[in-house]
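Colleague: To start, I am sharing the structure in question, which I have written as structure tokens.
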Amino acid sequence: MSVTDVATTTGVVVGRIDDVPMGEGRTFVVGSEQVAVFRLRNGSLHATQAACPHAGGPLADGQSDVDVLVCPLHQYAYRWSDGTSTSGAAPIRVYPVREVEGELVVDV
Ligand code: FES
């Protein structure tokens, strides 16, 4: 069984928190989906769909602050809170994510 197959009572373990360096994002496979998990420098965790809805940019490689994620391809910005865009793009999916004993658990 792989890590991505381990279900918890309310989410899916996608990897270890150490898999995501502080201030960066990484993409994980969850079933048939790809999810980007971000570990901000303030300690907060966020998870979104992995591909930008504009043209498929890799959101895990985007820049971010405490409020928004910016796609690396064309700089459209998306709110962590609900995935809506501050720059007129279609919204992205956001997922609850948390750390449980060093593991990243995403509600997908
Ligand atoms: S692909 Fe993300 S803004 Fe264009």
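Colleague: So what are the radius of gyration and Dmax for the Cα set of the stretch 5-108, in Å?
Modeller: Here Rg and the maximum Cα pair distance are 12.7, 38 Å.
Colleague: Sticking with this one: From the backbone phi of the stretch 97-108, what are the Karplus-calculated ³J(HN,Hα) couplings (6.51 cos²θ - 1.76 cosθ + 1.60, θ = phi - 60°) in whole Hz, Gly and Pro given as x?
Modeller: 9, 8, 9, 10, 6, x, 9, 8, 10, 10, 8, 9
Colleague: Within the stretch 1-105, list the trypsin sites (Lys or Arg not before Pro) lying in a DSSP loop whose Cβ has at most 12 other Cβ atoms in a 10 Å radius.
Modeller: Qualifying residues, ordered by number: 41.
Colleague: Counting other C-beta atoms within 10 Å, which of 73, 45 has the fewest, and how do the rest follow? Numbers along the way, then the final one.
Modeller: On the way: 73 15, 45 18.
By the 10 Å Cβ count, ascending: 73, 45.
Colleague: Return 27, 48 ranked ascending by Cβ neighbour count within 10 Å, so the fewest neighbours appear first.
Modeller: 27, 48
Colleague: What's the local net charge at residue 86, with K and R +1, D and E -1, over the other residues with C-beta under 12 Å away?
Modeller: With Lys, Arg at +1 and Asp, Glu at -1, the net is -2.
Colleague: Moving to a separate point now. Normalised by the number of residues in the chain, what is the relative contact order in percent for Cα pairs under 8 Å and 6+ residues apart?
Modeller: Relative contact order here is 24 percent.
Colleague: Provide the per-residue ³J(HN,Hα) series for the stretch 70-87, in order, calculated from phi with Karplus coefficients 6.51, -1.76, 1.60 and θ = phi - 60°, each as a whole number of Hz, with x at glycine and proline positions.
Modeller: Result, rounded to whole Hz: 10, 5, x, 7, 10, 6, 6, 10, 10, 6, 4, 4, 9, x, 5, 8, 8, 10.
Every read-out reported here was derived from the displayed coordinates using simple, explicitly stated rules and does not represent laboratory data. Quantities reported herein were computed from a predicted structural model and do not represent experimental measurements. Neighbour counts run over all protein chains shown; Cβ positions are idealised from the backbone, glycine included.
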